[in-house]
Structures are given as structure tokens and as C-alpha cells.
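Below is one structure, written out as C-alpha cells; the observations come after it.
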Amino acid sequence: MPPSSPAVLQAHALTKRYRRAVAVDGLTFEVRPGRVTGFLGPNGAGKSTTLRMFLGLDRPTSGAATVGGLRLAETPHPAQVVGAMLDARALHPRRTARDHLAAVAAAGGMPRGRVAEALARVGLAEAAHRPAGEFSLGMKQRLGIATALIGDPGVVIFDEPLNGLDPEGIRWARTLMRDLAAEGRTVLFSSHLMGEMELTADHLVVIHRGHLLADQPLAEFIADRTTEHVRTRTPDRARLHVALSRAGLHARDDGTGALVVTGATTDDVGHVAATASVELSELTAVRDSLEDAFLAMTSTRKDAA
Amino acid sequence: MNLLASEWIKARSVRGTWLLAASTVVVTVVVSLIGVSGLLADWRAALPSDFDPTAIAFKGVLVGQLLLATLGAQLITGEYASGQITTSLTVAPRRAALLVSKLAVAVLLALVTAVVTVAASFGASQAALGAAGLPTADPTDPATVRALACATAYLVLTAVLGLAFGTLTRSSSGALAIVVAVALLVPALAPGLPGALGDLAATYWPTTAGQSSYATVASGRLPALTGLAVMAVFTLWTTLAAHASLRVRDA
């Protein structure tokens, strides 16, 4: 079912200052519908604080965090505009899953029938009558997601939704987020792990120490921040080296007996080798790990700060 | 109405709510009966000249008020303890409306609990007094009816006060500590203060004033409704402070 009101999240010069520290410092970015936006940053970067300001839980020191151009408290039907899961453990341990959702549904002005629907969607129909305190983390996560989706909101916000999940849970949550975006919703989820972004996000917003570092499509981020190399092995290294130099390509020994060629594709290297009649035993395209790129990016900023 | 329904579901769906309501009734009755039996043990020597068979039926309110205040506090401190408050405020970002709904549920629960508590405590105490041949209160006497109503109202106010302290402290133990200090410690210790300060505390301290509202024999202090009004005004101000705190502070 398509969301009733597609909307975008906007942060404008968003700043949150505490007595001794600045958590978020002049952030400006937009989150658009129809794609999964990953909100990436190391622990303590200000991700949760930013998400809490979007939800009106924390008040910005200056700037604004709006949903569809309005602060959440100004929207007429907040539960139908935005749904969020900030902490999967935030459930009363003695309250059953059904009662928990019934309370949220009532507050959001949703019909009671939504409760069973939402439980079924996340696969908790069987556990509806059990107190949430008995749930595993994965089940709490599912209940948290059901809670976020009960108003059929156009915008969903998840804080570290993949944290602590088993592989099956991670795949389930990923598929769900992709489905929600495909339905035209605005999906924003945070993580401190680059690896979690690669398979889930279409677009990245990267912050560090409250500052915006990047706001671009994931593919572009990867292309910009990592370099591609070609690794090749041959029984006749000297000849290949010469042939590559003649073709204007720079090759170096990687210390394991392979040659690493930067600034070239496997096609280029294969062509040079064939022309020079050099036998190849390996020809592989290699990309720097995105995790490394992300770490390099955040650690240089640390030095600069 | 949506929020009221939501808050009602939250309150009824945890066992603690019902345990606190039931123990308010039981503990109040038991403590009142202990008060009566303490009187029976030595009344032959001297029945106090200002013996008030109505007020003695509410001795247990001293303890029952703590339980009812905790019930009120739990309505919001339970949410802070679990983190549920973030969900509640996301679905209902208008914080005043959330607090008003919680107040309504607190008043409703406390009213039912207080009516049962007061009726049971009064009934049991009069039965015990009657069985011992002591003078009993006449439940048709307007003064007795007023005392019953005031005791009920006082208990409802303590639940509201509990919710307000819970909102301010965001912690069940914090709220309980304040309630104990306000309802027990200050009334016990403050009258010992020198001169006018002691007199003032013994008369106008909110819970002391509130408790004087359910005596039928004038204790030389405030008229019943004035006492209750002092308690009500104090509760109102605390609730307004809670509202301000909820609105201004980050969740």
C-alpha cells in the first residue's frame, strides 16, 4: 500500500550544543523518498541526536529538523507521517506485544485492526500474547519495526536497526527497508558500520563529530573514495613489467609475488599482456575496502579537528 | 480521546497497576485496624477527649497514600525506565496532551481505588469500634459524609501528586522518595521547628492540611474544605511544574 503522505526529512543548519560539548554542528541535508538513505558515522558522531531532533524528542540549539517542512509537533497526524524505532529494547517488559501495539495504535488514531496486521507483517502473530520482556533481541527488533509502521507512515527512521541481529534478522531487516523504499517511502537508517550500508543503502549521509562529511549516492561515494587496482600474476614478471611501462601503466610488486597496476582496468592489462605474449596466471580487479575508506576519512578529520 | 484510550491500555496492561491499587485498599484497611486496636488496648484508661471515630478509620491513609502516589508516578516513570517514552512522544509529540491523558487515567484509577479504600477502611474500623463497645460514627451524619468525601479526594490528589513528581524526577524511586518526604517526613518533623515556623508547618503543610480535611472533630486547625483546598493548590502547582518540565526538557 502506498504511503498516504510522501515527505522528506530536512535538516537545516541543525545544531545541538550541550553544556560541555557540541553533538551536532550545523548539519544541512535532505532525505528523499523512494530510496534507502544510510546515516553513517562512528559512535558519538551525533547520529542519534540528529534522529531525535527529527522526531521532536530533543530540541535543537539552533537550526531546524523538519518532516515535510514542518516540525513533527506541528503535523496534524504525526503517526501517519513518521514512524521510528530508536531502541528496540525500549519496551515495557511486562506488557504483551499486542497491548503495546494497541496502545501505540490508539495514540496514533489507528483502527484496532491494524494491530493484528502489523504483528503478522513482522512475523510475530504467534507471540502476540507474550510479554515483550520474554522476547529475544531479534523479536524486539521486529516489534519495534511493527510499532514504527503501524500508522503506515511516509517516513521511517531506524536507529541502528541491524545492531545485534543474527544474519537471518539482518537479511530480513534489509529486505524490509528496501521494500519500504520501493513503496515510495522515505527511509533513513543509521549505522556506525560501513559494511551494513553497502548492501542496504542507495544514498549515504556521512557525519563525523557533528559535521557533514558526505551526502551522495552510495555508488558515487564508493567511486570517489576508493581506487580500483588490477592484480596480476605471471611466470615472467620482468617482461610484463616492461610491457606495462611501455604502455604507460605503472606496476609495482605487492610483496606476495603479484604485480599491482593502478589506474587501469583488467581489459587494459589483459590487452598489454596478450600483445607482448606474456602468460598470465591471475588477472583480478581489486577495490580498496569501503570500511578502510570510511575509517581513513573519519580519522583524518579527527587529526584536523 | 485517542490518547486517553492509549494511556488506559498502557495502565491496564501491566500488572503493577492492579497490584498497587489492590495493596492500597488492603494496606489502608489493615493499618486503620491496627490504629483501632491500639486504641482498644488502652482506651479504658483514657479515651481521648477529642476522640474522633471517623478520623481513626483513616489512619491507614498515611501508608495508603504512598502506594497510590506510586501508582500515579508509575504511569510515567515506567515509560522512562523502559525507554518507551520516546515511542509515546513520537506518536504523540504534543507533550501537554500526553500529560493530560495520563492525569485523566491517574484520576480515574485513583478515584475507583480511593472509593473502595475509604469505604472498606471506614466500614471495618466502625465494625471494630462497635464490637468493642466504643462510640461509632454515624454514616448518615453530614459531617461523616463530608469526611468520607474528603478522604477520597485527598487520596486522588496524592495519585496526581505522584504522577507530577514522577514527571519531574523521571524515576520511580525518585518520585517515591519525594512523596515520602512530603507526606511523612516533613509532617512528622516540621512541627518541631521553633515558633511560628513550626505552627505554620503544622497547619499549612499541604499533606497535613489535606489530612485535616477528613476529621469530624475540629482539631483547632483548618476548616475541612480549606485544608483540602491547600492540598489541591499544592498539587496543581506541582502538576504545572511537571508540565513545564516535560515541555522544556529533552525526552
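The values are calculated or read from the model by the stated rules, or taken from the named source; none is laboratory data. Computed from a predicted structure; not experimentally measured. Here the Cβ is made from the backbone with ideal geometry for all residues, glycine too, and neighbour counts use every protein chain on show. Accessible surface areas use protein heavy atoms only, side chains included; no ligands, DNA or RNA. Shrake-Rupley method; radii C 1.70, N 1.55, O 1.52, S 1.80 Å.
So is A:Val261 touching a Leu at 6+ places or on another chain (Cβ under 6 Å) and within 19 Å of A:Ser281 (Cα to Cα) or not? Steps first, answer last, please.
Values: touching a Leu at 6+ places or on another chain (Cβ under 6 Å): yes; within 19 Å of A:Ser281 (Cα to Cα): yes.
Judged against the criteria, A:Val261 is a match.
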(request) Starting from region A:129-157, keep only residues that are more than 13 Å from chain B (Cβ to nearest Cβ) and on the phi < 0 side of the Ramachandran plot, then list their pairs with residues that are surrounded by 24 or more Cβ atoms within 10 Å (Cβ to Cβ) and of a type in the set (Lys, Arg) whose Cβ atoms are within a distance under 6 Å, requiring at least 6 positions of separation or different chains. (result) A:Gly154/A:Arg185
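Could you pull out the residue among A:Ala285, A:Ala273 that is surrounded by 12 or more Cβ atoms within 10 Å (Cβ to Cβ), more than 20 Å from the chain's Cα centre (by Cα) and more than 14 Å from A:Thr226 (Cα to Cα)? Before the answer, list the steps.
On the way: A:Ala285 fails: more than 14 Å from A:Thr226 (Cα to Cα).
A:Ala273 is the lone residue from the list that is surrounded by 12 or more Cβ atoms within 10 Å (Cβ to Cβ), more than 20 Å from the chain's Cα centre (by Cα) and more than 14 Å from A:Thr226 (Cα to Cα).
Taking the condition of being within 14 Å of another protein chain (Cβ to nearest Cβ) and in a helix (DSSP H, G or I), how many residues in region B:59-88 meet it?
Residues that pass the stated criteria total 14.
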(request) Within region A:148-157, track down each residue that is part of a helix (DSSP H, G or I) and open to solvent by 10 Å² or more (accessible area, probe 1.4 Å). (result) A:Leu149
(request) Quick one: B:Leu168 ticks every box in (1) modelled with pLDDT under 95; (2) in contact with a Ser or Thr (Cβ under 6 Å, 6 or more places away or on another chain); (3) surrounded by fewer than 24 Cβ atoms within 10 Å (Cβ to Cβ) except a single one, so which number is it? (result) (1)
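Among the residues of region B:130-147, write down those that are crowded, with 21+ Cβ neighbours inside 10 Å and outside any loop (DSSP other than H, G, I, E, B).
Keep residues of region B:130-147 that are crowded, with 21+ Cβ neighbours inside 10 Å, which gives B:137, B:147.
Answer for region B:130-147, where residues must be crowded, with 21+ Cβ neighbours inside 10 Å and outside any loop (DSSP other than H, G, I, E, B): just B:Ala147.
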(request) Within region A:96-120, work out how many residues are within 7 Å of chain B (Cβ to nearest Cβ) and either at pLDDT below 90 or farther than 24 Å from A:Leu162 by Cα (or both). (result) 7
(request) Inspect region A:71-91 for any residue being in contact (Cβ under 8 Å) with a residue 40 or more places away in the chain, under 30 Å from B:Trp18 (Cα atoms) and open to solvent by 60 Å² or more (accessible area, probe 1.4 Å) and give the result as yes or no. (result) yes
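For region A:52-81, which positions are within 7 Å of chain B (Cβ to nearest Cβ) and touching a helix residue (DSSP H, G or I) at 6+ places or on another chain (Cβ under 7 Å)?
Of everything in region A:52-81, those that are within 7 Å of chain B (Cβ to nearest Cβ) and touching a helix residue (DSSP H, G or I) at 6+ places or on another chain (Cβ under 7 Å) turn out to be A:Leu55, A:Gly56, A:Leu57, A:Asp58, A:Leu72, A:Pro78, A:Ala79.
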(request) Could you list all residues from region B:92-122 that are over 30 Å from B:Ala55 (Cα atoms) and either open to solvent by less than 20 Å² (accessible area, probe 1.4 Å) or more than 9 Å from chain A (Cβ to nearest Cβ) (or both)? (result) B:Ala92, B:Pro93, B:Ala96, B:Ala97, B:Leu98, B:Leu99, B:Val100, B:Ser101, B:Lys102
(request) Answer yes if at least one residue in region A:232-243 is surrounded by fewer than 13 Cβ atoms within 10 Å (Cβ to Cβ) and either of a type outside the set (Asp, Glu) or outside the structural domain of A:Leu27 (by TED's automatic domain parsing) (or both), and no otherwise. (result) yes
(request) Please list, ordered by first then second residue, the pairs with beta carbon atoms under 9 Å, 6 or more apart or interchain, first in region B:1-27 and within 11 Å of another protein chain (Cβ to nearest Cβ) and surrounded by fewer than 19 Cβ atoms within 10 Å (Cβ to Cβ), second β-branched (Val, Ile, Thr) and not in a helix (DSSP H, G or I). (result) B:Ser13/A:Thr96
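Could you run through region A:82-95 and say how many residues are touching a Leu at 6+ places or on another chain (Cβ under 6 Å) and within 7 Å of chain B (Cβ to nearest Cβ)? Explain how you work it out, then say what you get.
Start the filter on region A:82-95 by keeping residues that are touching a Leu at 6+ places or on another chain (Cβ under 6 Å), which leaves A:83-84.
Those left that are additionally within 7 Å of chain B (Cβ to nearest Cβ): A:84.
The number of residues fulfilling the criteria is 1.
Suppose we filter B:Ala201, B:Ala229 for residues that are within 19 Å of the chain's Cα centre (by Cα), open to solvent by 20 Å² or more (accessible area, probe 1.4 Å) and among the aliphatic types (A, V, I, L, M); which single one remains? Working first, answer last.
Details: B:Ala201 fails: open to solvent by 20 Å² or more (accessible area, probe 1.4 Å).
Answer to the check: B:Ala229.
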